[in-house]
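Pasting a structure below so you can have a look.
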Amino acid sequence: MNQLRVLIACGLLLLNSLVYGQSINLTIQNEKQQPIEGATIMIENVLYGTTNPNGTIALDYAGNYPVTLNIFKQGYMPKTTQLNAISSMPVSLTLIKSKVSIKEITVTGIGTSTNGNSSIQHVDKLVRPVNSSQDLLQLVPGLFIAQHAGGGKAEQIFIRGFDCDHGTDFNISVDGLPVNMVSHAHGQGYADFHFVIPETIDKLNVYKGPYNARFGDFSTSGTGEFITKNSIDQNEVKLEGGMFDTYRALAMIDVLGKKSLFSKEKENLYVTGEYVYTNSYFQSKQDFNRYNLFGKYTGMLTSNTQLQLSISTFKANWYASGQIPQRAIEQNLITRYGSIDDTEGGTTSRSNATLSLKRYTKNNAIINHQLYYVKYDFNLYSNFTFYSRDSIHGDGIQQTDNRHIGGYVGTYNKTFKLLNTRIDLTSGINSRNDMTNLVLANQSKRTTLDTVVSGKITQHNLAGYTDAAIHLTDKFTINTGLRVDYFIFNFKEKNESALSGNKSLHRFSPKLNFSYLLPRNALLFWKNGIGFHSNDARSIVINRTNNSLPRAYGSEVGSEFKIGKNILLHTAVWALYLESELVYVGDEGVVETSSPTMRTGIDLSIRAQLNKNLVADMDINYNHALLTDAPKGENFIPLAPAFTSTGGLTYSRNSGWYGSLRYKHIRSRAANEDYSITAHGFFLVDALVGYKFNKFELGSSIENVLNTKWNQAQFETESRMKHEQEAVNELHFTPGTPFFAKAFIKLNF
């Protein structure tokens, strides 16, 4: 603990000692005078940097004037201007919005050592259709999801050779608010993303692998960082309807307009509401309904102080048909869309509040303080093995999780010159505190029979990090970082004191990354980092093993470049070694420990502008995942994706017709260690078409155009149906969506 305090104190003292030379404060804004973050600035055709969240950048240029500036930002027309002389007064420039154009993308070395496919992300958010929170997750290149307990449960996540379960190895956040739940009743890292309304998301940052010092717990395979809009261009009302009694209503309203609440500076406040209902495609009606409410205020209290406040709440309840055994279909006991126990499902709710105060100092540093609070409730009914343990009542289980989460995030960003070398420095402190009551009980038809485990968890995570991007030249950048995580785990079992306990652990996670910008829009990068595999508090205090937070060692080499003006490519070859993997089996209340694992892979992403209205995209991901100390032929990692690919064509215009045709494919893979059971792959095609009028929009979409029969979630499970004498071990699955059409109308005003 003392080591962490000393590290943070030294970092802050170093930051405060750095002083800028004379510079120009340049602000980039849109036509509504709203700041543009991430605009690329070039001085005399040499890359300089990108604008901060306030749309500003300090130009410390010591050359001759006048000087030519080139400004680029995806979604805006590029701008070229001249500065005639250095000035102490801020300079503001306005960019005009435009359609996506790969021709306008400039591959840069800024931040690429830790965010290797940044240009790809900008294209995807603009061209890929997003209709649900699930679609948002699938914007991450190479990420696949599966649902196996109705629409109200967090999706199972697959990426880079990982079956991440519901988020154990993939970190997700929204505006700095953590989505993953530590020591959750159903699984470590459980990340229910359904509280996010897709229309509110402005951008997504993807960080694959453990290479970024900003992220610790859950970020083994990578991180998805979602940022919501600070404002909306216009009010919107949207109505959707489709097959299987599916309905959705959405409203987004700009509350302030041109009015102000607290100051004479620019302020924005909008509220969004969503309601979803469906019976889904199963024979037993799912009766799923969910509502979401979200409001966000962003305002400049003074010329250099920004306040952000967001409040959201969501609630869902549903029934589910669950996972079914293959033999039940073969014996004509049920159809693909039938069920053995149709009382599965549950209820869940989450309310969030975040407050962020950001200050831009006179010496061009950015200090941000964020506080957040989450109230979360979860009640899930499942039955995976039917009558294996209890031939009378069945094997149904009930998992409940009622928790409070409070946290603080503080960051300090500053760019300075040391011996004529520009350094982008970021230091941060994170504190997260979870207090939750958990119950695992046996149930039958949603009636509780007896309690298996019941207790209270308090878990604290204090972290500090420092990250420096050192620009040795305008082409060569070294990024180095160090993160320290300190955990306090406490579990108090209600009835069994032997299952109670507490323990503290810490982890040091160093990072070292390199990037080199070649001529003609080409970038090479090499990433290296050490992280750790997350673990459940109950496992740590009960098992007390020395390796309760096993380390992850990752390395990756790749490139991002353009072919001509209209083709953008991102490639990466990577490897990740884990000392061991800890999988929480929430259905039994225990943690299983595997042997060490080794994953290697190749990622390829292609984006091509075929003409001014048509964009093609494709992601190809190959992964090889094995248990390193198991015998050959018995060393497969169950459900680890081996080959995946997504892609499509998107036709877009500012008005008139638009549409997209997309595919997704995952190859069959092992469902258990010896590959005696196969998880079946699939190839699906989705389509979207619409027409934009001046104030309103009409459209329709089809999922699974070819009506392919496919398995969504798949598991090796030993189960016994009521008429069987012995349990059978085989593939259990949840069938995927059949042909599903829906239409929508949207009104803007």
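Any read-out appearing in this document is the output of simple, stated calculations on the displayed coordinates, not a laboratory observation. Just so it is clear, the structure is predicted and the values come from calculations on it, not from any experiment. Counting neighbours? That spans all protein chains shown, and the Cβs are built from the backbone with ideal geometry, glycine included.
Ranking request for peptides 368-379, 157-168: highest mean number of other beta-carbon atoms within 10 Å first, then the rest in descending order. Spell out each step's value before the answer.
Details: 368-379: 17.9, 157-168: 25.1.
Packing proxy ranking, top to bottom: 157-168, 368-379.
Taking +1 at the Cβ of each Lys and Arg and -1 at the Cβ of each Asp and Glu, which of G406, G152, I488 sits farthest along the dipole of the chain towards its positive end, judged by Cα position relative to the Cα centre?
With unit charges placed on the Cβ atoms, the residue in question is G406.
At a Förster distance of 30 Å, what's the computed FRET efficiency of L698 paired with K258, Cβ-Cβ distance as r, to 0.05? List each step's numbers first, then the result.
Values: r = 30 Å, r/R0 = 1.01.
The pair L698/K258 has a calculated efficiency of 0.50.
Filter the cross-link list K97/K203; K358/K565; K79/K562 down to pairs whose alpha-carbon distance in this structure exceeds 27 Å. Could the numbers behind the result be given before it?
Details: K97/K203 16 Å; K358/K565 38 Å; K79/K562 21 Å.
Distance filter (> 27 Å) returns K358/K565.
Separate question: Just in the range 193-273: which trypsin sites (Lys or Arg not before Pro) are loop by DSSP and have at most 16 other Cβ atoms within 10 Å? Don't skip to the answer; put the middle values down first.
On the way: sites: K203, K208, R214, K229, K238, R248, K258, K259, K264, K266; in loops: R214, K229, K258, K259, K264, K266.
Passing both the DSSP loop test and the Cβ count: K258, K259, K264.
Per residue, how much space in cubic angstrom lies within the convex hull of the C-alpha atoms of the range 353-404?
Numbers: hull volume 5.0 nm³, N = 52.
Output value, Cα hull per residue: 96 Å³.
With only alpha-carbon atoms counted, please give the Rg and Dmax of the range 597-720, in Å.
Radius of gyration, then largest Cα-Cα span, for the range 597-720: 19.7, 65 Å.
With a cut-off of 8 Å between alpha carbons and a minimum separation of six or more residues, what is the relative contact order of the chain in percent?
Details: 2137 pairs, mean separation 81.8, N = 749.
Result for the chain is 11 percent.
Something else about it: Rg (Å, one decimal) plus Dmax (Å, integer) for the alpha carbons of the range 354-447?
Every Cα atom of the range 354-447 included, Rg and Dmax give 24.3, 77 Å.
On to the next question. How far, in degrees from 0 to 90, does helix 2-16 lean away from the longest principal axis of the Cα atoms of the chain, to the nearest 10?
Here the helix axis deviates by roughly 30 degrees.
Using only Cα atoms and rounding to the nearest 10 degrees, what angle (0 to 90) does helix 118-127 make with the longest principal axis of the chain?
Around 70 degrees separate the two axes.
Also: In a Debye calculation with equal point scatterers on the alpha-carbon sites of the range 271-412 and no solvent, what is log10 I(q)/I(0) at q = 0.09, 0.11, 0.15 Å⁻¹?
Results for the range 271-412 at q = 0.09, 0.11, 0.15 Å⁻¹ read -0.49, -0.63, -0.87.
Work from the charge dipole of the chain (Cβ charges, +1 for Lys and Arg, -1 for Asp and Glu, about the Cα centre) and give the residue of T466, Q323, T436 farthest towards its positive end.
T466
Which three numbers, in whole Å and largest first, are the semi-axes of the equivalent ellipsoid of the range 443-510 derived from its Cα gyration tensor as √(5λ)? The partial results should precede the final answer.
Values: eigenvalues 423, 56, 9 Å².
Computed over the range 443-510, the values are 46, 17, 7 Å.
Please give the direction-averaged projected area of the C-alpha convex hull for the chain, in square nanometres with one decimal.
Dividing the Cα hull surface by four gives the mean projection, 31.0 nm².
Under a straight-distance cross-link criterion of Cα-Cα below 17 Å, which aspartates and glutamates are reachable from K315, leaving out those fewer than 8 residues away in the same chain?
Correct list for K315: E155, D192, E274, D287, D377, D401.
Let me know the charge dipole size of the chain about its Cα centre in debye, to the nearest 20, where only the beta-carbon of Lys, Arg (+1) and Asp, Glu (-1) is charged.
On the way: 71 positive and 65 negative charges, 556 e Å.
Here the chain has a charge dipole of around 2660 debye.
Rounded to the nearest 0.05, what FRET efficiency do K362 and K285 give with R0 = 56 Å and r taken as the Cβ-Cβ distance? Could you check?
Details: r = 62 Å, r/R0 = 1.11.
Given R0 = 56 Å and the Cβ-Cβ separation, E is 0.35.
In deg cm²/dmol and to the nearest 500, what is the mean residue ellipticity at 222 nm of the chain if only DSSP H runs of at least 4 residues count, each as -39500 (n - 2.57), divided by the residue total? Before the final figure, lay out the partial values.
Values: 5 runs with 42 residues, N = 749.
That calculation yields -1500 deg cm²/dmol at 222 nm.
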